[in-house]
Amino acid sequence: MGRRRLQQKSSGKPDYEDKGVAEKKVNRINLTEKDYEGTPSTLCRGCGHDAITASVIRAFFDSSVDPRKVVKLSGIGCSSKTPAYFLGQAFGFNAVHGRMSALATGANGVNRTLIPIGVSGDGDTAAIGLGNFCHMMRRNVNITYIVENNGVYGLTKGQFSATADKGSRMKGGKLNDMPAIDLAELAITFGATYVARSFSGDRKQLAPLIQGALAHKGSAILDVLSPCVTFNNHEGSTKSLKYIRENLDPIQDLDFIPYYENIEVDYKEGTDQEVTLHDGSRIVLHKLRSDYDPSNKMQALAAIHAAVAEGKFLTGLIYYDPSRPDFAEQMNLCETPLAELGQDLLQPPAELLDEINAELMK
Amino acid sequence: METPRINDLSICVATENGSGSASANNILFKAIFKMGIPCSSKNMFPSNIQGLPTWYQIRASAEGYFGRKDVIDAMVMFNDTTAAKDIYRIRDGGLILYDDSTPLPPNLKREGVQYLGVPANKIVQKLVPASPLRGKQRNMVYVGALAYLFGIDMETIRAVLEDTFGKKPVVIESNLLCIDAGYRHMEENGVTQNIARLQAIPNGNKGKIITEGNTAGALGAIYGGATLVSWYPITPSSSLAENLEHYLPRLRKSNGKATYAIIQAEDEIAAAGMVVGAGWAGARSMTCTSGPGLSLMNETIGLAHFAEIPSVFFIIQRGGPSTGLPTRTQQADIQLMYYCSHGDTRHIILIPHDMKSCFDFARRSFDVAERFQTPVFVMMDLDLGMNLWSSEPFRLEKEPFDRGKLVTAEMLEQWEKEGKKFRRYFDADGDGIPYRTIPGNPHRHAAYFTRGSGHDADALYSEDENDYKETLDRLRRKFETARSYVPKPIIEMNEGVKTGVICFGSSYEPTREARDRLRAVGLKTNHLLLRALPLTEEVKEFLEAHKTIYLVEQNRDAQMAAVVKEEWPELGAKIISVLIYDGLPVTAGEIVKQIFNGAQATTAEVVRQARLRG
C-alpha cells in the first residue's frame, strides 16, 4: 500500500474528482474502506467537510486502525456533525460548542489507549473554544484535531468567523475588517507538536497528513481549508473553492509509510526528508521548497507570515516536534488506563485512613 | 463581679490579614482542643492577602456546641483599623486584651468592659531581632497572655508547637519565647480576669480529630475512587483540590505510578468539560468550585445531564451574587444546583452537615453519579469547608463501588446470545436508568454516539417530537427513582410535639443548640436534618406530622423552602423560613430569635383566624 501511494506522487493540486475507492479491498485488519464509514452525511451537497470525511475514512483504512479503539469528538457546528459520518463502530461524542478540547483532555487522561480524533470548526476552535483549544495544545494532549476551516458560521447561516480574512466579503457584501486568526500559527505558538495545513479537496495531501497525525503522540493540529458552498463560496470571499484552489502554496508532497510496512525509499538528497513518528511510522516529505525544515519553529512561523502577506495558503506539514512528551506521559500515570482500574487500586486501604486520622488528632 | 464560667468562652482575635495571626490562632485553638475541651473556631477573613481586617473566633463549650457563639466574651484588639468597632463587638462585662506598648487612645475606651494590656510590641522589640518575623511574633505574645488569663498551661502550648512544627526546633523555640513572655508578663503583673476559666477534661477529646470539610471531602473523594480531578482555583473550594493534591500522591500510587489524574484547568468551563469527558470515558471524575465557577459550568452540566454522564461537582458555597463575598459563607446556590443549566433539569444534591458526612457523602457521590449516570452535586459551604471542626475520626465503610448499569463486553456477548440488544438510552427496567457502555469496550455493539442534541433510545440523532418527549419523561422518571436512593433525612421526633424544625448543612450545629435553648424556655421542637435532594418521602411525612415547620437556611430568598413548596404546595404552606444571610457562620441566638418571632406571628395569626371564625 505504501508503495502504491509512493508511486502516486501528489501534485499538491486538488483532486476533487477522486470519489473514493470502490474496490472491495481489505486492510491489514481485514476491514474494507466501507467498514470505516458512518451514517450518511446531512451536510449541503458539495460541502468541503464531506471531502474531509472521505479523507478521514481513507486515512483510518490505510493505517488499519481498529475503529473500536477510536473515540471521535466534536463540538457544535456543521463540522462537528461529521464524526457521525465516519467510523460508525467507534464511540463518538458531539459535545457543546467550543468544549471539545476540554472533553478530549478528560477522556484522554483516563484512557490513553484510545485513539482520539476531534473534528471542529473555526467557530468552535477560533472563537468560543479558543481558550480551551490553546490550553489543550499547551498540555500537548494526544489528539488528532482537525479544524474544518471555512471562515464562516454555517449552521447559523452565514456570519463571519474569527478565521475570515480581513478584506473578505460576506455573501451580502458586508466587509470583514477584523484580522484573521491563523490557526496553524496559533498551534505552533501554543505548543502543538504536529501542525499541518491542507485543503479538503486534496485527499492525496490530506489523508497522509491525517495518518501522520494518528501516528503522532501529542496535539496534532490540522487546519483544513474547507469551502462552505452555501454561505462562503462567492466572489470576494477568500475561503471560496475557487480562491483557495488558486492560492494553495504547498511546501511538500507527502507519503505516509505505516510502521508495519518495511519500505525502503530512495531519497533525493536535499529534497527528500523522512520524519519518523512515535509509533514508528514515517512521513516522507518531498520538498517543494528545498530550504524548508518543519522542525524549525521560527522558520515555520516566518513561512506562515510570508504566505499570509501574499494571500497564500501554506499547506503541508508545517511544524513537527517529536521531543515533547504528551500530557498523559507528563502525568506519570500507571500502565492500565485509569478508566479500567478496579476498586482494589482506586480505594486506598483503611489503614492509611487511620494513619491520617492520627495525624489530624494533633 | 461575675463568677468565672468553666469551659464556656468565646475569644475573638481581631488582627490584620497577613500579619501571621493565623499561626497564633491555630496554636491557641489546638491548645484548648488538647486540654480536652469541646471547641470550634470560625475564621472570618477578608478576600485579601495582606492588610485587611480579619477575625478569628474560638469557642470553648463545655456543653459541646460547635456553632459560632452569639456573644464575644473576650476580644484581642490587635487591629488598630477596626478597634473602634471591635470594642463594641464584645458583650457587657467582657474583656479586651490590647497592646499597651502605647497608651490606649481615648476613643477606644468603653464603659462596662475590662481592659487588660500586654506590651506586645515592646516585648518583641526586646526578644526578636528587627525583621519581618518580628511583626508575626507579636501575635504569639497574645497567645501567651490569653493562656495565662484563661488557664492554658505552657506545657500544653509546647506540646501543640511540637505537633505543629515537630521538625523545626528553631521555630518551636522562637515561638515559645514570645508566648512565654506574654504569659509571664501577665503573671508577674498579677493581671486577672473573672469571666471564664479553661479547665482540662482528661481524655475529653480523646480519639477526636480536628479537620475541615475540604479535607474531609477530599479524603472521601479519594476513598470513593475519584480518578480524574479537574479544577480551577476559587475560594472557598481551592483547598479541597489542594487537599487532593496533597493526599493523592500518598494514597493512590501503583508501582510508583499515579492511579489518578489531577489537572488545574484554565477555567471552570474546561474543568467541567474534562470531568465530563473523563466520566464519559468511564472514570470517576470530579471538580470542586463555588458559585461563580458553577455559573460557568452550567452549560456543560446540562450536557452531562442530557447525555447522561456520571460526574461529581463539589460546590463550596460563598456569598453571592456575582463576586459577592468570596470569603464568607452562604447557602444561596441551592437552586443554581438543583435546576442547573437550561431546559427542564433537576439534579441530585448530597448535603453533608458535619465532617463525617463530608467524608461519607464525598465517597458515596461517585456511586450515586454512576448509578444514575448524571451530574451529582455535593453541596457544602465555606463554614463547613474552611473552618476547623472537631469530629469523630473518618471511618471507611467497606462496601463495593456501585458502578450502576455499566455493561461490559462479556455482558454484551451474553445479551447477544439471549437475543437482547444494547440500546443506550432505552428504559429497559422502567426506572428511567438506561444501560451504559464505555469507550474501549471492544464488543462490536458497544459503541454509540453521545450528544447533547436530541436523540432516540438508540442514541441516534433525532428531532422527532415523540423521541424528544420520551427522553424528557424518562429523565424525570430517573429523578423519581433517585428519591429512594439518596441519603434519607435524620429525624428526631418527640411525643406530642407539633413544631418541627428543618435544617441542612452547616446550619445543623447552631440549630441543634437553638433547639436546646428553645426547649429550656418551653418550646419543644422535632427535627429533620435534610441530607439530599430530591426530597424523600420522609420529608413529606414530617411536614404532614407538624402544624408549623421552621426551615433554617442561609440565604435571603428561602431557596430550599421554595423547592419544598414546589413539591408539596399545601404542606409547604406550613413552612416559616428562618433566613440568615449576613455571610457569617450562623449562631444559635439568631435562629432562636427568628423562631420566637415566627412563633409570635403564628400565635397572632391563630388568634386572628379564631376571631374571623368567631
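On the stretch given as segment B:250-284, residues that are buried (at least 21 other Cβ atoms within 10 Å of the Cβ), small (Gly, Ala, Ser) and part of a loop (DSSP other than H, G, I, E, B) total 4. The selection criterion, being over 18 Å from residue A:306 (Cβ atoms), among the β-branched types (Val, Ile, Thr), in contact with a Leu (Cβ under 9 Å, 6 or more places away or on another chain) and part of a helix (DSSP H, G or I), holds for residue A:210. Of the residues making up segment B:8-37, those that are of a type in the set (Gly, Ala, Ser) and out of contact with any Asp or Glu (no Cβ under 6 Å at 6 or more places or on another chain) are B:18, B:19, B:20, B:21, B:22, B:23, B:24, B:31, B:36.
Considering each residue of segment B:232-249 in turn, none proves to be closer than 20 Å to residue A:109 by Cα, crowded, with 24+ Cβ neighbours inside 10 Å and within 7 Å of chain A (Cβ to nearest Cβ).
Let me confirm something: among B:506, B:484, which residue is assigned to a helix (DSSP H, G or I) and either within 21 Å of the chain's Cα centre (by Cα) or surrounded by fewer than 15 Cβ atoms within 10 Å (Cβ to Cβ) (or both)? If you could, list the steps in order and put the result at the bottom.
Values: B:484 fails: assigned to a helix (DSSP H, G or I).
Exactly one of B:506, B:484 is assigned to a helix (DSSP H, G or I) and either within 21 Å of the chain's Cα centre (by Cα) or surrounded by fewer than 15 Cβ atoms within 10 Å (Cβ to Cβ) (or both), namely B:506.
Examine segment A:55-67 for a residue that is within 26 Å of residue A:157 (Cα to Cα), in contact with a Ser or Thr (Cβ under 6 Å, 6 or more places away or on another chain) and small (Gly, Ala, Ser), and state whether such a residue exists. No, segment A:55-67 contains no residue that is within 26 Å of residue A:157 (Cα to Cα), in contact with a Ser or Thr (Cβ under 6 Å, 6 or more places away or on another chain) and small (Gly, Ala, Ser).
Screening the candidates B:281, B:272 for the property of being touching a residue at least 40 places away in the same chain (Cβ under 8 Å), under 26 Å from residue A:107 (Cα atoms) and touching a Gly at 6+ places or on another chain (Cβ under 8 Å) yields one hit, B:281. Exactly one residue out of B:287, B:323 is outside any helix (DSSP H, G or I), β-branched (Val, Ile, Thr) and either farther than 24 Å from residue B:227 by Cβ or in the same structural domain as residue B:533 (by TED's automatic domain parsing) (or both): that is B:323.
Within segment B:272-299, how many residues are out of contact with any strand residue (DSSP E or B) (no Cβ under 9 Å at 6 or more places or on another chain) and within 12 Å of chain A (Cβ to nearest Cβ)? Qualifying residue count for the region: 2. If you go through segment A:319-353 and keep only what is surrounded by fewer than 14 Cβ atoms within 10 Å (Cβ to Cβ), in a helix (DSSP H, G or I) and more than 7 Å from chain B (Cβ to nearest Cβ), you end up with A:330, A:344, A:351. For segment B:383-417, the candidate set comprises residues that are outside any loop (DSSP other than H, G, I, E, B), more than 14 Å from chain A (Cβ to nearest Cβ) and closer than 30 Å to residue B:44 by Cβ; within that set, the residue that is farthest from the chain's Cα centre (by Cα) is B:386.
Taking the criterion of being among the basic types (Lys, Arg) and surrounded by fewer than 20 Cβ atoms within 10 Å (Cβ to Cβ), the residues of segment A:162-207 that qualify are A:166, A:169, A:171, A:174. Counting only strands (runs of 3 or more DSSP E) wholly contained in segment A:47-157, the ones carrying 1 or more residues that are modelled with pLDDT of 95 or more and within 10 Å of chain B (Cβ to nearest Cβ) occupy A:70-74, A:91-94, A:115-121. Checked against (1) under 26 Å from residue B:365 (Cβ atoms); (2) touching a residue at least 24 places away in the same chain (Cβ under 8 Å), residue B:525 passes all but condition (1).
Residue by residue through segment A:132-176, note down the ones that are of a type in the set (A, V, I, L, M) and closer than 21 Å to residue A:201 by Cβ.
Selection gives A:146, A:147, A:152, A:164.
Within segment B:573-591, the residues that satisfy the criterion of being part of a loop (DSSP other than H, G, I, E, B) and under 26 Å from residue B:498 (Cβ atoms) are B:573, B:574, B:580, B:586.
For beta carbons closer than 6 Å, sequence separation of 6+ or different chains, a first residue in segment B:498-515 that is assigned by TED's automatic domain parsing to the domain that holds residue B:560 and a second that is at pLDDT 95 or above and among the small types (Gly, Ala, Ser), the qualifying pairs are B:509/B:67; B:510/B:67; B:510/B:588; B:513/B:67; B:513/B:588; B:514/B:588.
In the set (1) within 27 Å of residue A:359 (Cα to Cα); (2) of a type in the set (Gly, Ala, Ser); (3) crowded, with 23+ Cβ neighbours inside 10 Å, the condition left unmet by residue B:120 is number (1). Kindly evaluate residue A:304 against the criterion of being over 30 Å from residue A:227 (Cα atoms), away from every other protein chain (no Cβ under 14 Å), outside any strand (DSSP E or B) and of a type in the set (A, V, I, L, M, F, W, C). No: the conditions fail for residue A:304. Residues that are assigned to a strand (DSSP E or B), within 14 Å of chain A (Cβ to nearest Cβ) and β-branched (Val, Ile, Thr) do occur in segment B:442-453, at least one of them. Hey, can you tell me all the residues within segment B:509-522 that are surrounded by fewer than 16 Cβ atoms within 10 Å (Cβ to Cβ) and either touching a Ser or Thr at 6+ places or on another chain (Cβ under 9 Å) or aromatic (Phe, Trp, Tyr) (or both)? Listed by number, the list holds a single entry, B:519.
The values are calculated or read from the model by the stated rules, or taken from the named source; none is laboratory data. Everything numeric here is computed off the predicted structure, so don't read it as measured data. Using ideal geometry, Cβ is built from the backbone for each residue, glycine included, and neighbour counts are taken over all protein chains shown.
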